[in-house]
Every structure is written in C-alpha cells, then in structure tokens.
Amino acid sequence: MAHSKPGITGAGARPLSPHLQIYTPHVNMMASIVHRLTGAALYFGTILLAAWLMAAASGPTYFEVINGWFGSWLGRIVLFGYTWALIQHMLGGIRHLIWDTGRGLDLQSVDRLTWGCFLGSILLTAIIWVAALSMRGGL
C-alpha cells in the first residue's frame, strides 16, 4: 500500500529529506555554517596564541622565532584570518543572544542581523588591522 503523502515513496518508506541540491540556501543558513567553521578555526588560532605566549615567557630567542613567523606574509595572512574569525564568531554569538531575548525573529530582521554580522566582521577586522599597523609605524 503506497502512501499518498508527498515525499513518501513505497509502502512504509521513509520520507525524503530535502538536500542541498534542491534546497535554496539562505543567508541565515550560510551564517550558521560560517559560525561553525569560525568556531573550529578559533581552536587552531588559540593554539597559535598559546605558542606566542609561551614564547614570550620562554625568552628572547624563541620569541624572535615566533614573532618572525607571525611577521612573515604567511603569518600575517593567518593572523588576519584569525582576527576575522574571532570577530565573525563574536558577532554571530551576539546575534544569537538577541534572538534569545525573543527579538529580531521575523524574516526581515533575521536577514538584516545576519548581513550586519558579515559586513560588521569585515569592517571591524579592517579597522583593527589598520589601527594595529598604524601603531607599528607602517601599513
């Protein structure tokens, strides 16, 4: 006996779940994925931060090695990515905190908050890096 419900095929078959090939991605869905990825990236970045702190505590020789690596073009790219991941993850957490209060749950507000997190993370990362490089004496 076949079921007459949509998404059910054959007798006793399980419903078919939508998947990425037929589901239209929304900005909120992308933000959820990015939030998970930035959370994972922060684990790696925190290891680098701990290595830098241990180098500072170990003495000038090890500290120069770590600072030299962080000062290289590859090190700066990694630090830039870590800065963006930290800001993006923080803003995503604030977005969820707002939702936890019962505010901003209508679709228009969800989209605005989500886009605000993306744009805000880019803007704040740029401001932090411009300020940091300005203090060092050069961009």
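A dipole drawn for the chain from +1 and -1 charges on Cβ atoms has a positive end, and of L48, T101, C117 the residue lying farthest that way is T101. For the chain, the longest principal axis of the Cα atoms and the long axis of helix 107-136 meet at an angle of about 10 degrees.
With all protein chains in place and a 1.4 Å probe, the accessible surface of the stretch 14-121 carries 71 percent carbon and sulfur.
Please work out the Kirkwood hydrodynamic radius for the stretch 19-86, using every pair of different C-alpha atoms, and report it in angstroms with one decimal place.
That comes to 14.0 Å for the stretch 19-86.
Both the radius of gyration and Dmax for the stretch 68-130 are 14.7, 49 Å, in that order, over alpha-carbon atoms.
With a Förster radius of 30 Å, plug the Cβ-Cβ distance of R103 and R36 into 1/(1 + (r/R0)^6) and report the FRET value to the nearest 0.05.
0.80
On a per residue basis, the convex hull of the C-alpha atoms belonging to the stretch 15-139 measures out at 166 Å³. Estimated purely from DSSP H runs of n ≥ 4, each contributing -39500 (n - 2.57), the mean residue ellipticity at 222 nm for the chain is -26000 deg cm²/dmol once divided by its residues.
Computed from label points 7 Å out along Cα-Cβ, the spacing between L123 and M135 is 2.2 nm. The loop-placed trypsin sites (Lys or Arg not before Pro) in the stretch 30-139, going by DSSP, that have at most 16 neighbouring Cβ atoms within 10 Å of their Cβ come out as R103. Considering the stretch 94-139 at the alpha-carbon level, its Rg and Dmax are found to be 15.3, 46 Å. Using 1/(1 + (r/R0)^6) with R0 = 30 angstrom and r between the beta carbons of H26 and F80, what's the FRET efficiency to the nearest 0.05? About 0.60, to the nearest 0.05.
For the chain, what does the accessible surface come to per residue with a 1.4 Å probe? Please give it in Å². Result: 72 Å² per residue.
The values are calculated or read from the model by the stated rules, or taken from the named source; none is laboratory data. Here the structure is a predicted model, which is why all the values come from computation and not from measurement. Neighbour counts are summed over all protein chains in view; Cβ atoms, including those assigned to glycine, are modelled from backbone coordinates with ideal geometry. For the accessible areas, the whole protein counts, side chains as well, though only heavy atoms, and no ligand, DNA or RNA atoms are used. Shrake-Rupley method; radii C 1.70, N 1.55, O 1.52, S 1.80 Å.
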